[in-house]
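For reference, the structure discussed in these notes is given below.
The values are calculated or read from the model by the stated rules, or taken from the named source; none is laboratory data. Since we're looking at a predicted model, the values are computed, not measured. Heads up, the Cβs are rebuilt from the backbone with ideal geometry, glycines too, and the neighbour counts pull from every protein chain shown. For the accessible areas, the whole protein counts, side chains as well, though only heavy atoms, and no ligand, DNA or RNA atoms are used. Shrake-Rupley method; radii C 1.70, N 1.55, O 1.52, S 1.80 Å.
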Amino acid sequence: MSLAYFVLVSFGLTQLLVYGKVFDRIRPTSGWPGQLMHCPMCLGFWVGVFLWGINGHTELFSFELSPITGVLLGCLSSGTCYVLSMIIDDGGIRITKGE
């Protein structure tokens, strides 16, 4: 269950950082930071690593504090954030008709 919480928290935080209007004024728009802040896959990795780093301060999930675990959780977060952002948008589940 803690893995499901981790995935949901990483998706929520990534969506907030990439698309949240509350960050429009401070979100970088150019250069490397701008590219990072506009990519759910890229930012999702770093959100996963961040959550791994703070996992000792929450009861939602608990993971070993080895660097390998951090990289693997970053990859998990990156992949799930990308897939979920391709499926879900502001209007709900994205449905496109075949061409």
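Within segment 74-97, the set of residues being open to solvent by less than 80 Å² (accessible area, probe 1.4 Å) and not in a helix (DSSP H, G or I) comprises Ile88, Asp89, Gly91, Gly92. Would a scan of segment 56-72 turn up a residue that is in contact with a Leu (Cβ under 6 Å, 6 or more places away or on another chain) and open to solvent by less than 90 Å² (accessible area, probe 1.4 Å)? Within segment 56-72, none of the residues are in contact with a Leu (Cβ under 6 Å, 6 or more places away or on another chain) and open to solvent by less than 90 Å² (accessible area, probe 1.4 Å). Filtering segment 63-89 to residues that are in contact (Cβ under 8 Å) with a residue 24 or more places away in the chain and not polar (S, T, N, Q) leaves Phe63, Leu73, Gly74, Cys75, Leu76, Gly79, Cys81, Tyr82, Leu84. Filtered by the rule that a residue be without any contact (Cβ under 8 Å) to a residue 60 or more places away in the chain and not in a helix (DSSP H, G or I), segment 43-62 gives Ile54, Thr58, Glu59, Leu60, Phe61.
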